[in-house]
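Structure first, then comments.
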Amino acid sequence: MYKAKSNCIKDSVYIDEGISGTNTKKRKEFNRMITCAKNGEFDFIITKEISRFARNTLDSIYYTRELKKYGVGVIFMNDNINTLDSDAELRLTIMSSIAQEESRKTSERVKWGQKRQMEQGVVFGRSMLGYDIKDGKMYVNEEGAEIVRLIFHKFVQEKKGTHTIARELREENLQSMKIRKWSNTTILRIIQNEKYCGDLIQKKTYTPDFLSHKKKINFGQEEFVIIKDHHEPIISRELFDRANCILTAKSFSQEGKNKYSNRYPFSGKIKCARCGVSYVARYKTRKDGSKYKAWRCLEATKNGIPNIDRAGNKIGCVGFSIRNEEVIHIMELVCRQLKIEYNQIIDNLITIIEKVVSIDITEVYALSEKVDAIKKKCTNLIDLYTSGDIDHNEFIFFRAKYNTEIENLKSEMEKQDILRKEIRNRINEEEFYAKLLDKMIIDREKIDVYLNMFPFSWSYIINR
């Protein structure tokens with residue numbers, strides 16, 4: 001609460017109820033008071049203490065300086081500071097820093113308390129489609145639950161896409177207080193939400209700065225709180241897993257591209273010099289009955305040799321074909337031209353190949369950072385114990401918990417390391433060349449080769 005006094009105008013009181021003093025952006029009454037001060041409506045602002053004015057040191061100094069320009073002083077009663085005094089700013093800086101530090105400690109204590117409640121199963125958050133949250137517990141809302149079941153049924157059993165499901169829900173005029181508008185993004189979020197199969201993951205967002213209070217998505221900066229079989233599920237775990245397996249498969253299918261673009265290692269990389277269309281692979285049979293893979297221009301495959309369709313458009317292509325073994329042979333010749341070793345190329349490509357098998361080196365770094373973060377928690381745990389914020393039993397419990405988490409993370413890091421080593425042993429010749437190749441342009445007289453990671457292009461002259 002702030003009280004403004006003037007000799008000619010009636011006292012005014014400005015109150016921001018239930019709003020933190022660490023940031024002034026959302027404090028409507030505070031900002032209105034500053035505006036009134038600049039308009040000359042009063043001479044002094046009286047507040048109980050610095051923490052009631054601002055718990056951010058920079059804000060305290062900034063606003064008291066700004067008010068002083070307009071001849072308005074701030075009196076902090078408990079701290080015995082009048083900002084119009086000559087030594088006020090020094091004292092204010094010291095006291096504001098203390099208030100800010102106290103706010104930081106309070107924030108840490110609140111976060112600690114919330115984390116412990118989460119570990120005990122208390123739900124933080126708002127009600128959602130299919131669930132009502134009351135007193136930290138989740139209760140099935142049958143009206144919303146029916147819509148959730150319908151969405152999973154359409155996606156898994158009827159094999160409909162998220163755009164189609166969203167459109168059908170709009171057409172059926174299915175309304176929900178929790179969903180403003182049905183969209184494919186909304187459907188995706190529902191399918192990916194683990195709460196619908198009874199699990200609970202909390203701390204998906206975190207607040208890195210207690211002063212700004214801005215939330216960020218948690219990509220592993222802080223430990224998640226994960227509890228399996230936490231509440232009554234709306235759908236079975238089997239159905240949830242099937243739906244998310246379908247999502248994963250679709251994400252790797254490069255939806256929207258040509259259906260032949262990722263079936264084979266060289267798919268989408270071999271191009272026609274005449275029409276620019278990608279080549280597609282076809283298996284052909286030799287006279288002895290054996291099969292071989294060959295590549296041919298898709299335009300030639302679909303429409304034959306160059307001709308005119310009924311609408312008068314030019315279609316078709318000459319489409320010179322090339323065998324898969326010839327593509328591999330050409331790439332072998334290219335690599336001979338490169339003055340580098342096979343293992344050096346492997347090192348350059350390892351990051352890309354790891355993504356193909358769902359291993360990313362950044363994940364290894366993230367695991368290491370988590371270990372460091374838990375070690376820091378162990379240190380803070382000692383401080384909390386010595387300060388009396390936690391008792392002996394709590395100290396023993398959390399120390400054992402953190403040690404177990406560190407061991408699990410180290411075990412996961414070892415698994416990742418073993419898997420990375422296996423990658424090198426699994427790379428076959430064709431996949432290696434495909435990762436190296438940017439594009440290969442096929443013409444009657446020559447084949448031009450362009451590489452991904454090297455400033456290299458090479459032409460192979462065909463003797464026909």
Positions within region 71-106 being farther than 29 Å from Y206 by Cα and of a type in the set (D, E, K, R), in sequence order: D79, D85, D87, E89, R91
Considering residues of region 36-66 that are over 39 Å from the mean Cα position of the chain (by Cα) and more than 14 Å from V13 (Cα to Cα) only, the residue surrounded by the fewest Cβ atoms within 10 Å (Cβ to Cβ): N39
All positions within region 58-80 that are assigned to a helix (DSSP H, G or I) and not β-branched (V, I, T): L58, D59, S60, Y62, Y63, R65, E66, L67, K68, K69
Pair list, Cβ under 6 Å, 6 or more apart: region 229-243 residue under 18 Å from E142 (Cα atoms), other residue among the aromatic types (F, W, Y): I234/Y196; I235/F152; I235/Y196
Cβ pairs under 7 Å, 6+ apart, first in region 116-140 and at pLDDT 90 or above, second acidic (D, E) and assigned to a loop (DSSP other than H, G, I, E, B): V140/E232
Residue match in region 120-135 (condition: out of contact with any Pro (no Cβ under 6 Å at 6 or more places or on another chain), assigned by TED's automatic domain parsing to the domain that holds M33 and basic (K, R)): no
Qualifying residues in region 107-148 (those that are more than 19 Å from L200 (Cα to Cα) and surrounded by 15 or more Cβ atoms within 10 Å (Cβ to Cβ)) - the one farthest from the chain's Cα centre (by Cα): I147
Restricting region 280-338 to residues that are assigned to a loop (DSSP other than H, G, I, E, B) and either among the acidic types (D, E) or on the phi > 0 side of the Ramachandran plot (or both), the residue that is surrounded by the most Cβ atoms within 10 Å (Cβ to Cβ): G319
Positions within region 154-169 being over 27 Å from the mean Cα position of the chain (by Cα) and not charged (D, E, K, R), in sequence order: Q157, L169
Matching entry among E172, E102 (being more than 29 Å from the chain's Cα centre (by Cα), loosely packed, with under 15 Cβ neighbours inside 10 Å and without any contact (Cβ under 8 Å) to a residue 24 or more places away in the chain): E172
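Residues checked against (1) over 23 Å from D132 (Cβ atoms); (2) modelled with pLDDT of 80 or more:
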site: S176; (1), (2): no, no
site: T186; (1), (2): no, yes
site: L200; (1), (2): no, yes
site: F240; (1), (2): no, yes
site: N258; (1), (2): yes, no
Residue in region 36-57 that is in a loop (DSSP other than H, G, I, E, B) and under 30 Å from K228 (Cα atoms) present: no
From Q117, Q100, residue being closer than 30 Å to I235 by Cβ and assigned to a helix (DSSP H, G or I): Q117
Those residues of region 175-207 which are loosely packed, with under 12 Cβ neighbours inside 10 Å and within 30 Å of A54 (Cβ to Cβ), in sequence order: T205
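The values are calculated or read from the model by the stated rules, or taken from the named source; none is laboratory data. This structure is a prediction, so every number in the text was calculated from the model and none was measured. FYI the Cβ positions are ideal-geometry reconstructions off the backbone, even for glycines, and counts take in every protein chain you see.
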